[in-house]
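Structure first, then comments.
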Amino acid sequence: MLRLANIHAGYGPIKALKGIDIEINRGEIVSLIGSNGAGKSTCLMTISGILKSVSGSIMLGDTDIAGLPPHRIVQRGISQVPEGRRIFPKLTILENLQMGAFLGRGDFTTSLERIYKLFPILHERKKQSGGTLSGGEQQMLAIGRALMSNPDILLLDEPSLGLAPIMVSKIFKTIQEISSEGITILLVEQNARAALKLSHRGYVLENGCITLSGSSSDLLDNKKVQQAYLGE
Ligand SMILES: Nc1ncnc2c1ncn2[C@@H]1O[C@H](COP(=O)(O)OP(=O)(O)O)[C@@H](O)[C@H]1O
Ligand SMILES: [Mg+2]
């Protein structure tokens, strides 16, 4: 469904991605794990067009979307939940969700109802400003906002970062629910164990290169992964 081939990207002289290949099939949850600074966020931003790749291709079906502007990529069905959530704290919850629908596809009311069903708390508090929500609730809002564009593929950047353990398990449960609705998911996480338990396959990114990939259960059993990312 989505295939990155030999993607190079970075920031001026900083080469953050040095020729990476990633393939995601329809309906999968794929996790991308790696230490701080490995290039995980860069990878997601390159897919969503926020950062232009230097070379390589990003095939969405038969179309190379590398180089398309971000709004075109949203219209083609890829939506990103950014690291650190980036909700609009002064806007109400409903307004935050409206922002997500702005560039998207599908019917606004249908999308909104679906998100309120997934996150009843966003419905209860729709008139409250985003900034009044807890960290976990803001993460729900960020996910809800990304879903408002009715994506086929959702890119999640460290959704569990900084959340209390109970919220972490709630967010992971939600990701499972979103997946069961038929949305394909690329999940970036430092919480490698939880990510691999949830996903079908995974990739390990080290210093801008994919160094390992495989089924999530194989990665969980892998000695190198255990030592470097699972604290075993
Ligand atoms: N805006 C930026 N300008 C310059 N360098 C950056 C910028 N963002 C990230 N980098 C660098 O690119 C590399 C990859 O970063 P990033 O993709 O954020 O890693 P991760 O998400 O895995 O922690 C790091 O060396 C980081 O310092
Ligand atoms: Mg990051």
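A short reminder: the numbers here are calculations on the coordinates, not readings from a lab. Please read all numbers here as calculations on a predicted model, not as lab measurements. When we count neighbours, we look across all protein chains shown, and the Cβ atoms used for this are built from the backbone with ideal geometry, even at glycine.
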* Asked: So how do 63-72, 159-168, 23-32 stack up, highest first, on mean other-Cβ count within 10 Å?
  -> 23-32, 159-168, 63-72
* Asked: Which ordering of PHE108, PHE172 is given by a fewest-first count of other beta-carbon atoms within 10 Å?
  -> PHE108, PHE172
* **Karplus-derived HN-Hα couplings along segment 143-153 (A = 6.51, B = -1.76, C = 1.60, θ = phi - 60°), whole Hz, x at Gly and Pro** => 5, x, 4, 5, 6, 4, 8, 6, x, 8, 10
* Structure fact -> Two pseudo-spin positions, 7 Å from Cα along C-beta at GLU181 and at MET1, lie apart in nanometres by 1.4 nm
* Determine Rg/Rh for the chain; Rg is computed over alpha-carbon atoms and Rh is the Kirkwood hydrodynamic estimate from the same atoms. => 0.96
* Residue-wise HN-Hα coupling along segment 103-119, computed from phi with Karplus coefficients 6.51, -1.76, 1.60 (Hz; x: Gly, Pro) -> 9, x, 10, x, 8, 4, 5, 4, 4, 4, 4, 5, 6, 5, 6, 5, 10
* Asked: Nearest 20 debye, what's the magnitude of the dipole of segment 1-42 about its Cα centre given +1 on Lys and Arg Cβ and -1 on Asp and Glu Cβ?
  -> 120 debye
* Indicate the gyration tensor shape class of segment 60-116 (rounded, prolate or oblate), computed on the Cα atoms with a ≥ b ≥ c the square roots of the eigenvalues: a/c under 1.5 is rounded; otherwise a/b larger than b/c is prolate and the rest oblate. => oblate
* Once a ≥ b ≥ c are taken as the square roots of the eigenvalues of the Cα gyration tensor of segment 131-181, is the result rounded (a/c under 1.5), prolate (a/b larger than b/c) or oblate (a/b not larger than b/c)? -> oblate
* Structure fact -> Sorting LEU163, PRO89, LEU147 by the position of each Cα along the dipole of the chain (Lys, Arg +1; Asp, Glu -1; all at Cβ), the one nearest the positive end of that ordering is PRO89
* **For LEU212, residues with placed amide H under 5 Å, excluding near neighbours** => VAL204
* To do: Could you give the size of the charge dipole of segment 1-88 about its Cα centre, using +1 on the Cβ of each K and R and -1 on the Cβ of each D and E, expressed in debye and rounded to the nearest 20?
  => 280 debye
* Asked: Under unit Cβ charges (Lys, Arg +1; Asp, Glu -1), what dipole magnitude, rounded to 20 debye, does the chain have relative to its Cα centre?
  -> 440 debye
* When you count, for each residue, the other Cβ atoms within 10 Å and take the mean per peptide, how do 2-11, 214-223 rank with the highest first? -> 2-11, 214-223
* Sequence-distant aspartates and glutamates (8 or more away, or on other chains) whose Cα lies within less than 16 Å of LYS90 -> GLU137
* To do: Mind pulling up the Rg/Rh value for segment 105-194? Radius of gyration and Kirkwood radius, both on Cα.
  => 0.94
* Asked: Quick one: if the Förster radius is 25 Å, what FRET efficiency do LYS197 and GLU113 give, using the C-beta to C-beta distance and rounding to 0.05?
  -> 0.25
* Looking at the chain, send over the antiparallel percent of its DSSP beta bridges, to the nearest 5. => 55 percent
* If you take the charge dipole of the chain about its Cα centre, with +1 on Lys and Arg Cβ and -1 on Asp and Glu Cβ, which of SER134, PHE108, VAL204 is farthest toward its positive end? -> SER134
* Would you mind checking which residues have amide H under 5 Å from VAL54's amide H? H placed 1.01 Å from N; only 5 or more apart, or other chain. => HIS8, ALA9, GLY10
